[in-house]
Amino acid sequence: MKSKIFTVVVLLLMLISMESNGQMKFTVSGYIKDASDGEALIGATVQVKETRSGNLSNEYGFYSMTLPSGAYTVEYSYIGYTKTERMVVLSSNQNIDIELSNEAEQLKEVVISGDPDLQKSRSLEMSTAKLDMGTISKIPSLLGETDIIRSIQLLPGVSTVGEGASGFNVRGGTVGQNLILLDEAPVYNSSHMLGFFSVFNPDAVKDVKLYKGAIPATYGGRLASLLDVRMKEGNNKKFEANGGVGLIFSRLALEAPIVKDKGSFIIAARRSYIDVLAAPVLSDGFGLNFYDVTAKSNYEVNKNNKIYLSGYLGRDNFAFGDNQGINWGNKTATLRWNHLFNSRLFANFTTVYSNFDYQLQFGEDNTDRVNWQSDVTNFIFKPQFSYFINSTNELNFGGELINYTFNPAGIKGASNGDAVANTLQKKYGREASAYINNNVEISPRFAFEYGLRFSHYDYIGPNSAYTYRDTIPGKRRAVASEKKYGDGEIISTYNNLEPRFSTKFQLTNTSSLKASYNRMAQYIHLISNTTASNPLDVWTPTSNNLKPEIGDQFTVGYFKDFGAFNQFEFSAEGYYRTTQNQVEYIDGADLLINKYLEGDLLSGKGRAYGLELYAKKKTGRFNGWVSYTLGKSELQVDGINNGNWYPMRYDQRHNLKIVAFYELNKRWSISADFVYTSGTPTTFPTSRYYSQGILVPFNGNTTRNNVRLADYHRLDVSFRLEGREFHRDGSKRRNRDYWVFSVYNVYARKNPFSIYFSQSSDRLAAGTPIKSSATQVSIIGTLIPSVSYNFKF
């Protein structure tokens, strides 16, 4: 296998190194930033008018273009900013840093991504969506609070089971198959307040990008999607403060230079106070709140070296008694070093710490109590390199090392004053990967990107490895043997090659066909058999019994820009996903505090396929988008549903979203969104029997997800009032502010989240039929009005 990998890499390097030797070539490179605050602009467009070639700035605002010697007009642009042109005479390598200014007078239009000059149809990317924070802040939201996770659920191919559900689902993938990165640190639980808000503070976020497919070889570790959230770096020009006050929480962000134009910082904090407001009407000891702090700093050591340090700390607290409650949270830290070896070779070295934990406590007092703690911790190192071969050829390569520590359950307590403990062994894993990725434009009409990622995983000690007996499919497996392994000793090993490929063929100047394929390997698994948002989810590593999940996805799409200024966009994408070794559970599986958890787990095959339609108007006083997804996601597991395919819990046949924005005048604007989805599957008993006065529901033929809930639909509306630009005496205000008035679930739809069955508790005469009933649970069953005030100075 190693010889094959070496051969592939050599051939790849030979192909990409082919350049013309006839004419001297030189490089123009630099950084593109916001002139007002020094923030790097991600995805800014750099175009050479004479050659009609172009490039984009990377995640740190760096660009590089290699051209034959000569005179060129280079145009720099970014949506919402004034274009800048530079006359460049290339007789040697040149470094040109650019600062773009905000347009002096902008319509308050909402733009999803990119620049009209770089049309979606001309880009190689597919199955991606980039939401800017201006768009996200105007989307109607629950209680008027800007939320990233809820915003991306309005995109095609992205869904959720409903209010109160954790995370999101992408193209038939599970919540645990999404890789969520905050400044390159994985976030294991993205929810606050039991799923109603996300952990991302909008005041600290600069860029949000979702990959649903065509994922570059740079990334790995999850099957379904990648959500890449990049934090602001902080204003390196002047002090700035912004924040907001809402009905249930407030937020404040401060940013300022450390050394002007060389370094800066930002610190942003939020705290909810619903527990404080509700204290007079709630019993003693009850409370529900969250807080988080997000911080980042950066410093330019010299022209070739820059250092970034960022972190996140967040916690939710849910107390339901003086000695009872649950709390959970994420902690991340990221240290990055950007180094420029030369004008064509850019490097980034990243070290990451990530931790998610939850703690549960219940009992009457210190003599009768239980304390339960669980967590997952990562240490990650990533060297990444970008080599800009020429203006149409970019090579990316690097690697990643991940150390996993899983603490499934650490339980301490007391019973009648006697100490008790039940702690499960920690589990350990190591993952190492290397990748190479090449982006090539063969001609103005044809471009492709191809890459290869090799991943290696070790399940290691100290731990005990179990083997299980064979049994009837779908039944709990008993332990056959146990073998103990020492510290660092390898228990099992897995290797996977993960090829990636995407291509674009330009039909006309404004239309194109695109296709892609990617294979992903996932070595950790989210163990949860509920869609409800609760922190009692268990992550467990691939082991000698639990194989890595392998996912393959094929996509093909048609993309069209139209309108006088390409202000309209349309796309149609078809996808087909398959999954190997997808985790499922036996009926009655014991997922918590189970030493022999793997005996309750099953492995199956998954498939998902569908069509995504997307139409968008990008500019003007009236703009927005419409998306429709026709999809299907299924599992086949030996021992469930008689071995036949059955729908996944989050399967939705139809998914329609409409988002619209309209500027009434310079101060007032209105926005609205409408969501309609087919009902999701759930499992109902197929029969029941009567025993000692009790009706017992029974699933006689191992069916799963055999009934669908009612369809989900909801309308939200939001009004935004901008603060006055000038004082009454005509002088300009230094600060900017605005009010948001919103209504969530306007027509008070009681969307079903689940249905449960119960029977009457009344005593009945002999022979009288027992009354039973089905009850629908709706997390939100009424309209929710809200108001919030937001400011910046």
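Just checking, does the stretch 566-585 include any residue being assigned by TED's automatic domain parsing to the domain that holds Arg477, among the β-branched types (Val, Ile, Thr), in contact with a Leu (Cβ under 8 Å, 6 or more places away or on another chain) and surrounded by 19 or more Cβ atoms within 10 Å (Cβ to Cβ)?
yes
Restricting to the stretch 686-706, what's the tally of residues that are touching a Pro at 6+ places or on another chain (Cβ under 7 Å) and either of a type in the set (Ser, Thr, Tyr) or under 21 Å from Asn529 (Cα atoms) (or both)?
4
If you go through the stretch 663-712 one residue at a time, how many are open to solvent by less than 70 Å² (accessible area, probe 1.4 Å) and either under 29 Å from Trp739 (Cβ atoms) or of a type in the set (A, V, I, L, M) (or both)?
Of the residues in that region, 13 qualify.
Are any residues in the stretch 727-761 at pLDDT 85 or above and either over 30 Å from Val707 (Cβ atoms) or loosely packed, with under 11 Cβ neighbours inside 10 Å (or both), and if so, which ones?
Asn735, Arg736, Asp737, Tyr738, Trp739, Val740, Phe741, Ser742, Val743, Tyr747, listed by residue number.
Ser669 passes all but one of (1) of a type in the set (Gly, Ala, Ser); (2) free of Cβ contacts under 8 Å to residues at least 60 places away in the same chain; (3) in contact with a helix residue (DSSP H, G or I) (Cβ under 9 Å, 6 or more places away or on another chain); which number fails?
Condition not satisfied by Ser669: (2).
Only residues that are aromatic (Phe, Trp, Tyr) and under 16 Å from the mean Cα position of the chain (by Cα): list them for the stretch 210-255, please.
Tyr211, Tyr219
Would you confirm, using the coordinates I've provided, whether Arg476 is basic (Lys, Arg) and touching a strand residue (DSSP E or B) at 6+ places or on another chain (Cβ under 6 Å)?
The answer is no for Arg476.
Scan the stretch 271-300 residue by residue and report those that are open to solvent by 50 Å² or more (accessible area, probe 1.4 Å), in a strand (DSSP E or B) and either within 22 Å of Ser786 (Cα to Cα) or modelled with pLDDT of 95 or more (or both).
Arg271, Tyr291, Val293, Tyr299
Right, Ala214: crowded, with 19+ Cβ neighbours inside 10 Å, on the phi > 0 side of the Ramachandran plot and not β-branched (Val, Ile, Thr) or not?
So Ala214 fits the description; yes.
Of Asn438, Asn518, which residue is farther than 21 Å from Ala409 by Cα, open to solvent by less than 20 Å² (accessible area, probe 1.4 Å) and in contact with a helix residue (DSSP H, G or I) (Cβ under 8 Å, 6 or more places away or on another chain)?
Selected residue: Asn438, the only one of Asn438, Asn518 that is farther than 21 Å from Ala409 by Cα, open to solvent by less than 20 Å² (accessible area, probe 1.4 Å) and in contact with a helix residue (DSSP H, G or I) (Cβ under 8 Å, 6 or more places away or on another chain).
Do we find a residue being among the aromatic types (Phe, Trp, Tyr), assigned to a loop (DSSP other than H, G, I, E, B) and at pLDDT 95 or above anywhere in the stretch 207-222?
Within the stretch 207-222 (the criterion being among the aromatic types (Phe, Trp, Tyr), assigned to a loop (DSSP other than H, G, I, E, B) and at pLDDT 95 or above), the answer is yes, since at least one residue qualifies.
Any residue that is over 30 Å from Ser53 (Cβ atoms) and either crowded, with 19+ Cβ neighbours inside 10 Å or at pLDDT below 95 (or both) - is there at least one of those in the stretch 506-513?
Checked the stretch 506-513: no residue is over 30 Å from Ser53 (Cβ atoms) and either crowded, with 19+ Cβ neighbours inside 10 Å or at pLDDT below 95 (or both).
For Asn235, indicate whether it is more than 24 Å from Glu99 (Cα to Cα), part of a loop (DSSP other than H, G, I, E, B) and in contact with a Pro (Cβ under 8 Å, 6 or more places away or on another chain).
Spelling it out, it is not the case that Asn235 is more than 24 Å from Glu99 (Cα to Cα), part of a loop (DSSP other than H, G, I, E, B) and in contact with a Pro (Cβ under 8 Å, 6 or more places away or on another chain).
Kindly indicate whether Asp368 is closer than 30 Å to Leu288 by Cβ, open to solvent by 20 Å² or more (accessible area, probe 1.4 Å) and out of contact with any strand residue (DSSP E or B) (no Cβ under 7 Å at 6 or more places or on another chain).
No.
Mind checking which pairs have a first residue in the stretch 410-430 that is within 12 Å of Asn371 (Cα to Cα) and a second that is at pLDDT below 90 and loosely packed, with under 13 Cβ neighbours inside 10 Å, Cβ under 6 Å, 6 or more apart or different chains?
Note: pairs meeting the criteria are Lys412/Ala421; Gly413/Val420; Ala414/Thr367.
Only one of (1) at pLDDT 95 or above; (2) touching a helix residue (DSSP H, G or I) at 6+ places or on another chain (Cβ under 6 Å) is not met by Gly551, so which one is it?
(2)
For the stretch 622-676, which positions are touching a Phe, Trp or Tyr at 6+ places or on another chain (Cβ under 7 Å) and at positive phi?
Within the stretch 622-676, just Gly624 meets the criteria.
Restricting attention to the stretch 521-542, which residues are assigned to a loop (DSSP other than H, G, I, E, B), open to solvent by less than 10 Å² (accessible area, probe 1.4 Å) and either modelled with pLDDT of 95 or more or closer than 19 Å to Gly172 by Cβ (or both)?
Tyr523, Thr542
Can you tell me which residue among Ser137, Ser159 is in contact with a strand residue (DSSP E or B) (Cβ under 9 Å, 6 or more places away or on another chain), small (Gly, Ala, Ser) and more than 23 Å from Tyr273 (Cβ to Cβ)?
Among Ser137, Ser159, only Ser159 is in contact with a strand residue (DSSP E or B) (Cβ under 9 Å, 6 or more places away or on another chain), small (Gly, Ala, Ser) and more than 23 Å from Tyr273 (Cβ to Cβ).
So that you can scan it fast, the table gives a plain yes or no per residue for (1) assigned to a loop (DSSP other than H, G, I, E, B); (2) more than 27 Å from Val743 (Cα to Cα):
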{"site": "Ser121", "(1), (2)": "no, yes"}
{"site": "Leu124", "(1), (2)": "yes, yes"}
{"site": "Lys130", "(1), (2)": "no, no"}
{"site": "Thr135", "(1), (2)": "no, no"}
{"site": "Leu143", "(1), (2)": "no, no"}
{"site": "Thr146", "(1), (2)": "yes, no"}
{"site": "Ile149", "(1), (2)": "no, no"}
{"site": "Leu181", "(1), (2)": "no, yes"}
{"site": "Tyr188", "(1), (2)": "yes, yes"}
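Hey, can you tell me all the residues within the stretch 304-324 that are in contact with a Gly (Cβ under 8 Å, 6 or more places away or on another chain) and either assigned to a strand (DSSP E or B) or open to solvent by less than 20 Å² (accessible area, probe 1.4 Å) (or both)?
Listed by number, the residues that qualify are Leu313, Gly314, Arg315, Asp316, Asn317, Phe318, Ala319, Phe320, Gly321, Gln324.
Regarding Ser481, is this residue loosely packed, with under 13 Cβ neighbours inside 10 Å, closer than 27 Å to Gln582 by Cβ and either in contact (Cβ under 8 Å) with a residue 12 or more places away in the chain or small (Gly, Ala, Ser) (or both)?
For Ser481, the condition - loosely packed, with under 13 Cβ neighbours inside 10 Å, closer than 27 Å to Gln582 by Cβ and either in contact (Cβ under 8 Å) with a residue 12 or more places away in the chain or small (Gly, Ala, Ser) (or both) - is met.
Looking at the stretch 642-662, which of its residues are open to solvent by less than 20 Å² (accessible area, probe 1.4 Å), farther than 20 Å from Ala615 by Cα and in a strand (DSSP E or B)?
The one that is open to solvent by less than 20 Å² (accessible area, probe 1.4 Å), farther than 20 Å from Ala615 by Cα and in a strand (DSSP E or B): Tyr646.
In the stretch 543-565, what residues are open to solvent by 10 Å² or more (accessible area, probe 1.4 Å), over 25 Å from Lys605 (Cα atoms) and in contact with a strand residue (DSSP E or B) (Cβ under 7 Å, 6 or more places away or on another chain)?
If the condition is that a residue be open to solvent by 10 Å² or more (accessible area, probe 1.4 Å), over 25 Å from Lys605 (Cα atoms) and in contact with a strand residue (DSSP E or B) (Cβ under 7 Å, 6 or more places away or on another chain), then Tyr558, Lys560, Phe562 are the ones that fit.
Taking the stretch 392-402 on its own, how many of its residues are modelled with pLDDT under 95 and either surrounded by 21 or more Cβ atoms within 10 Å (Cβ to Cβ) or in a strand (DSSP E or B) (or both)?
Residues in the stretch 392-402 being modelled with pLDDT under 95 and either surrounded by 21 or more Cβ atoms within 10 Å (Cβ to Cβ) or in a strand (DSSP E or B) (or both): 2 in total.
Out of (1) touching a Gly at 6+ places or on another chain (Cβ under 9 Å); (2) open to solvent by less than 50 Å² (accessible area, probe 1.4 Å), what's the single condition that is false for Gly723?
Here Gly723 clears every test but (1).
The values are calculated or read from the model by the stated rules, or taken from the named source; none is laboratory data. These numbers were taken from a predicted model, which means no experiment stands behind them. When we count neighbours, we look across all protein chains shown, and the Cβ atoms used for this are built from the backbone with ideal geometry, even at glycine. Calculation scope for accessible area: heavy atoms of the full protein, side chains included, ligands and nucleic acids excluded. Shrake-Rupley method; radii C 1.70, N 1.55, O 1.52, S 1.80 Å.
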